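Undergrad: The following block contains the structure, expressed as structure tokens.
No lab work stands behind these numbers, since they all come straight from the coordinates. Computed from a predicted structure; not experimentally measured. Positions of Cβ are backbone-derived with ideal geometry, glycine not excepted, and every protein chain shown enters the neighbour counts.
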Amino acid sequence: MPEPVTSVTFPPAFLWGAATSAYQIEGAVREDGRTPSIWDTFSHTPGRTADGETGDIAVDHYHRFREDVALMAELGLTAYRFSVSWSRVQPTGRGPAVQRGLDFYRRLVDELLAHGIRPALTLYHWDLPQELEDAGGWPQRDTAFRFAEYARLVGEALGDRVEQWITLNEPWCSAFLGYGSGVHAPGRTDPEASLRAAHHLNLAHGLGASALRSVMPARNEVAVSLNSSVVRPLSQDPADLAAARRIDDLANGIFHGPMLKGAYPASLLEATSSVTDWSYVLDGDTRTINAPLDALGLNYYTPTLVSAASGEVKGPRADGHGASEHSPWPGADDVVFHQTPGERTEMGWTIDPTGLYDLLLRYTREAPGLPLYVTENGAAYDDKPDPDGRVHDPERIAYLHGHLSAVRRAITDGADVRGYYLWSLLDNFEWAYGYGKRFGAVYVDYATLRRTPKSSARWYGQAARTGTLPAVEPAA
Ligand code: PNW
């Protein structure tokens, strides 16, 4: 691996963070009044996750958060993005907050602040209280109002000490992997329900953002994290361009349209008209969803390459969204997904830092003046400790170097990127893949739950402390 010739230096205020989510790390699923979320139910349903793995214990962060915060501080990180478990705060998804549930997050935030680490709080990272799913889940309009109430409770409790707020994490995954392809909780496979879910997630975002503002100090920032896809056509053939346009609407426009511009793309409404009539979009909804934002979070892993069906035998689906006979792309059964050429991570996701650059510049155009954060980016590798106990992950260092360099280039070219959150701080429960996919900068031995920073964690910490990317270490 050649060393970069010029040094890559970031603005002094740039945030160097790591990200996690509640169900993936906390464990303690029955403690202090917490009740099951859809991910508890799903992971305990045979056949849903690899080897039937669950988040029951995960990496026991609920009991080890002080150790985890100390680790971040020692590495030199300046920001930490975590999510709140809704069913710890409101076990039935309704009613007053459980103080013991909120207290855990108060202690966590205070520990972060005491170590000079800026907390960024995500309200919803996929773990809907099961009772709300039993009442219809995201396809049901009422769920959006329940979310707004939950947002208000958490905003009241923590708005005095958390300045960065994120309403939803990746609503695309909640809607289309949860209710379309069924590879995520609650595991439903109903294309019309997945579009209803998308609308009610949008509505939840808008209502939630306004609820937060009504109870929090004005200095706090409200954002959303989208897993906006970089959709590329296989060729410049008009049919391929049209296929890319349709997937772009279903991946991106369906969320950023109402959130940033106050309207769903007309092309989306038309292309999905055989699946749904959109009658659940009521007067005023898109105005509600278009609530002002202070920043936009973008999660990026790999680009999406598509073409129109050519009439040839279709290969296996290569959209990297897990194995299902059901598509997460309603009304787009004739679009073919291709593997982007190039080296891949353990997830089978092609490494393509240019995609991150393109994404940041695209949203600089879509939302002029809105500060951007990379709220997730990272890679899974098959990390193993050496006999001496150290964990060397030069591939992850190369991945981070490539993507952070792309962020730097985007800043140079006009994108207002304020920070980067590495996914993930710790190896953790990678949803349907269970514990087999390790995204952590810190290695977790699942037998003992011992944490060992990988060489990438040291590398990233040095970047955080100096504001400059260290050279990539020579491949082992
Ligand atoms: C994101 N896809 O998940 C999540 O926000 C994290 O919780 C997760 O651990 C991380 O990325 C790595 O997977 C995604 O199929 C899951 O396109 C699936 C997809 C995208 C993101």
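Undergrad: Take the alpha carbon gyration tensor of segment 32-123, find the square roots of its eigenvalues, order them as a ≥ b ≥ c, and report rounded if a/c is under 1.5; if not, report prolate when a/b exceeds b/c, else oblate.
TA: Because a/c hits 1.5 or more and a/b fails to exceed b/c, segment 32-123 counts as oblate.
Undergrad: I need to check one value: relative contact order of segment 1-68, counting alpha carbon pairs closer than 8 Å and at least 6 residues apart, in percent.
TA: 36 percent
Undergrad: Where the Cα atoms of segment 383-476 are projected onto their three principal axes, how long is each span, largest first, in whole Å?
TA: Reported extents, whole Å, longest axis first: 46, 31, 21.
Undergrad: Expressed as cubic angstrom per residue, what is the convex hull volume of the alpha carbon set of segment 285-419?
TA: Expressed per residue, the convex hull around the Cα atoms of segment 285-419 is 178 Å³.
Undergrad: For the chain, what does the relative contact order come out to in percent, with C-alpha contacts under 8 Å and a separation of six or more?
TA: Reported relative contact order: 18 percent.
Undergrad: Mean shadow of the chain, computed from the convex hull of its alpha carbons, in nm²?
TA: Computed as one quarter of the Cα hull surface, the answer is 21.3 nm².
Undergrad: Still on this structure, I have one more. What list do you get for M347, M72 if you sort them by fewest beta carbons within 10 Å?
TA: M347, M72
Undergrad: By a straight-distance test (C-alpha under 16 Å), which aspartates and glutamates pair with K384 as possible cross-link partners, with residues fewer than eight away in the same chain excluded?
TA: Output for K384: E346, D393, E395, D427, D445.
Undergrad: Be a star and scan segment 411-444 for residues whose amide nitrogen sits under 17 Å from the point 7 Å along the Cα-to-Cβ vector of H115.
TA: Residues 421-428, 440-444 qualify, since their backbone N sits under 17 Å from the label point.
Undergrad: Let me ask something additional. Compute the Cα gyration tensor for segment 232-307, then decide on rounded, prolate or oblate, letting a ≥ b ≥ c be the square roots of its eigenvalues: rounded whenever a/c is under 1.5, prolate when a/b is larger than b/c in the other cases, and oblate in all that remain.
TA: It comes out oblate by the Cα gyration axes.
Undergrad: Would you mind working out the magnitude of the charge dipole of segment 5-75 relative to its Cα centre, with +1 at each Lys and Arg C-beta and -1 at each Asp and Glu C-beta, to the nearest 20 Debye?
TA: 200 debye
Undergrad: OK, next. Measure out, as a whole number of angstrom, how far apart the alpha-carbon centroids of segment 128-157 and segment 421-446 sit.
TA: Taking the Cα centre of segment 421-446 as reference, the centre of segment 128-157 is 27 Å away.
Undergrad: May I pose another question? Quick check: the distance between the Cα centres of segment 189-242 and segment 14-44, to the nearest angstrom?
TA: Using only Cα atoms to place each centre, the spacing works out to 22 Å.
Undergrad: Now for a different question. Any chance you could check the Cα centroid distance between segment 317-396 and segment 94-117 for me, in angstrom?
TA: Answer, in whole Å: 31.
Undergrad: Whole-Hz ³J(HN,Hα) for each residue in segment 97-109, computed from phi via Karplus 6.51 cos²θ - 1.76 cosθ + 1.60 with θ = phi - 60°, x for glycine and proline: what do you get?
TA: Listing the rounded values in order: 6, 7, 4, 4, x, 5, 4, 4, 6, 4, 5, 4, 5 Hz.
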